[in-house]
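Asks: Let me give you the structure first, and then I'll get to my questions.
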Amino acid sequence: MVDAAAERTIDADAPQYNARLVRRVDTSDSLGYFWVRFDGEPTPFEAGQYMTIGVMVDGRIVQRPYSVASPPAVAGTDGYELYIRLVHGGTFTPLLWELPVGHRMRMIGPKGKFMLAPGDDRTHIFISSGTGNAPFISMMKQALADGTPRRAIFLNGVSYADEIGYRTLVEDWERSGEYPVTYIPTVSRPADPRNAGWMGRTGRVEMILDPVLDELGLSAANSVAYICGNPDMINAAEATLLGRGYPEDQVHKELYWPKGKEPRGLAGADLATAIEAAEDNADQ
């Protein structure tokens with residue numbers, strides 16, 4: 001199989017492979033849900049952690065980390081669900097988009113400390129941009145499986161309404177009361193014809209955070225925040241929360257850039273772009 005854009009050959013099989021792509025659902029030309037399952041027993045993980053998937057290209061591994069959107073309980077049957085954006089010109093995702101279901105892969109992990117703190121009954125504010133909503137879906141599904149859903153405010157910012165991942169699922173939870181969640185998606189380009197008919201919130205997710213906190217009466221006394229998405233959004237949302245008196249240990253965030261490497265020029269990037277840019281800049 002050849003990645004035409006980069007003229008790279010994906011190895012059909014390799015000793016490093018220990019998993020395979022078992023399912024994919026493309027929601028657009030550049031967004032999709034991917035399920036990867038280990039050949040053997042699943043590796044345990046906690047909701048909020050991420051796995052690294054990759055393929056061998058001309059004898060060299062090309063891989064990237066992605067937050068798991070599925071709950072741990074289904075890893076052995078359904079695999080690990082990942083919500084991924086195609087990054088045109090990127091290192092890994094153009095390869096992934098070429099893979100047919102059934103193709104073998106390498107998967108390692110889990111890693112990450114972005115998990116829910118145990119025994120916290122305060123309102124949880126989930127703040128995400130783009131595909132950064134994935135770990136929150138895993139957390140909420142696991143909480144439902146455990147019978148311990150926590151009151152949540154779920155903010156997700158995208159450029160276009162048709163890019164809102166897991167929208168039907170979370171709206172159904174909210175409508176039915178199955179999960180005690182207030183769902184607040186927002187689009188940042190309301191004037192674009194692609195958003196015609198959008199009647200929800202508008203603006204970048206970090207910009208609507210302040211008014212949402214006021215409207216819902218949320219404060220450091222009654223809530224805790226979790227943030228995942230592009231690095232600039234994380235910085236801005238964290239600054240808003242700290243400025244309103246939230247202590248640092250009540251603002252949890254998933255950091256995708258290498259330790260000590262601040263993001264550069266990533267305004268408007270989504271999660272996958274942030275990951276690739278951070279890794280590409282890791283040695284600079």
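Asks: Under a crude label model (7 Å from the Cα following the beta-carbon direction), how far is THR202 from GLU98 in nanometres?
Replies: 4.1 nm
Asks: Can you tell me the FRET efficiency between GLU171 and ASP58 if r is taken as the Cβ-Cβ distance and R0 is 35 Å, rounded to the nearest 0.05?
Replies: Details: r = 44 Å, r/R0 = 1.26.
It comes to 0.20.
Asks: What is the set of long-range amide H partners of VAL87 at a cut-off below 5 Å, with H atoms built 1.01 Å from backbone N?
Replies: THR93
Asks: Treating each Cα of the range 126-229 as an identical point scatterer and ignoring solvent, apply the Debye formula and state log10 I(q)/I(0) at q = 0.19, 0.24 Å⁻¹.
Replies: Scattering profile of the range 126-229, log10 relative to I(0): -0.97, -1.42.
Asks: Aspartates and glutamates near LYS141 by alpha-carbon distance under 16 Å, same-chain residues fewer than 8 away left out - which ones?
Replies: The qualifying aspartates and glutamates are GLU46, ASP78, GLU81, GLU171, ASP172, GLU174, GLU178.
Asks: If you don't mind, another one. Go ahead and run the numbers for FRET between ALA191 and LEU242, Cβ-Cβ distance against an R0 of 30 Å, rounding to 0.05.
Replies: Numbers: r = 32 Å, r/R0 = 1.06.
With a Förster radius of 30 Å, E is 0.40.
Asks: How long is the range 182-243 along each principal axis, judged by its Cα atoms, biggest number first, in Å?
Replies: Answer, in whole Å and largest first: 40, 25, 16 Å.
Asks: HN-Hα J couplings of the range 43-49 from phi, Karplus 6.51/-1.76/1.60, θ = phi - 60°, integer Hz, Gly and Pro as x?
Replies: 8, x, 8, 10, 3, x, 7
Asks: Between THR148 and LYS111, what FRET efficiency follows from the Cβ-Cβ distance if R0 is 35 Å, with the result rounded to 0.05?
Replies: Details: r = 24 Å, r/R0 = 0.70.
Calculated value: 0.90.
Asks: Provide the net charge surrounding GLN142, with neighbours chosen by a C-beta distance below 12 Å and charges set as Lys +1, Arg +1, Asp -1, Glu -1. Display every interim value, and only then the final one.
Replies: Values: positive: LYS141, ARG150; negative: GLU46, ASP146.
Here the count lands on 0.
Asks: Could you give P(r) for the range 33-93, binned at 10 Å from zero, as whole percent values over all Cα-Cα pairs?
Replies: Per 10 Å bin, starting at 0, the Cα pair percentages come out as 21, 50, 25, 4.
Asks: Computed on alpha carbon atoms, what radius of gyration and Dmax characterise the chain, expressed in Å?
Replies: Looking at the chain, its Cα Rg and Dmax stand at 18.6, 55 Å.
Asks: Using 0.36 nm per residue, how much length does the chain from THR77 to THR27 gain when fully extended, once their Cα-Cα distance is taken away? It would help to have the intermediate numbers written out before the result.
Replies: Working: separation 50, 0.36 × 50 = 18.00 nm, distance 2.26 nm.
My answer for the length gained is 15.7 nm.
Asks: A follow-up question, please. Please list, short to long, the whole-number percent of alpha-carbon pairs of the range 14-170 in consecutive 10 angstrom bins beginning at zero.
Replies: For the range 14-170, the binned pair fractions read 10, 40, 35, 13, 2, 0 percent.
Asks: Just to be sure I understand: with springs between alpha-carbon atoms less than 10 Å apart, which residue in THR123, THR93, THR168 has the highest mean-square fluctuation in the Gaussian network model of the chain?
Replies: Among THR123, THR93, THR168, the largest mean-square fluctuation in the Gaussian network model of the chain belongs to THR168.
Asks: Something else: Carbon-plus-sulfur fraction of the accessible area of the chain, 1.4 Å probe, in percent?
Replies: On the way: 6110 of 12410 Å².
Accessible surface attributable to carbon and sulfur in the chain totals 49 percent.
Asks: Excluding GLN49 itself, what net charge comes from residues whose Cβ is under 9 Å from its Cβ, given Lys and Arg +1 and Asp and Glu -1?
Replies: On the way: positive: LYS111, LYS113; negative: GLU46.
Counting the neighbours of GLN49, the net charge comes to +1.
Asks: Show the residues, 5+ positions off or on another chain, whose built amide H is closer than 5 Å to the amide H of TYR183.
Replies: Long-range HN contacts for TYR183: PHE154.
The values are calculated or read from the model by the stated rules, or taken from the named source; none is laboratory data. The structure displayed is predicted, hence computed values, not measured ones. Virtual Cβ from ideal backbone geometry, glycine too; neighbours counted across all protein chains shown. Each accessible area value is taken on the protein alone, full model and side chains, heavy atoms only, with ligands, DNA and RNA left out. Shrake-Rupley method; radii C 1.70, N 1.55, O 1.52, S 1.80 Å.
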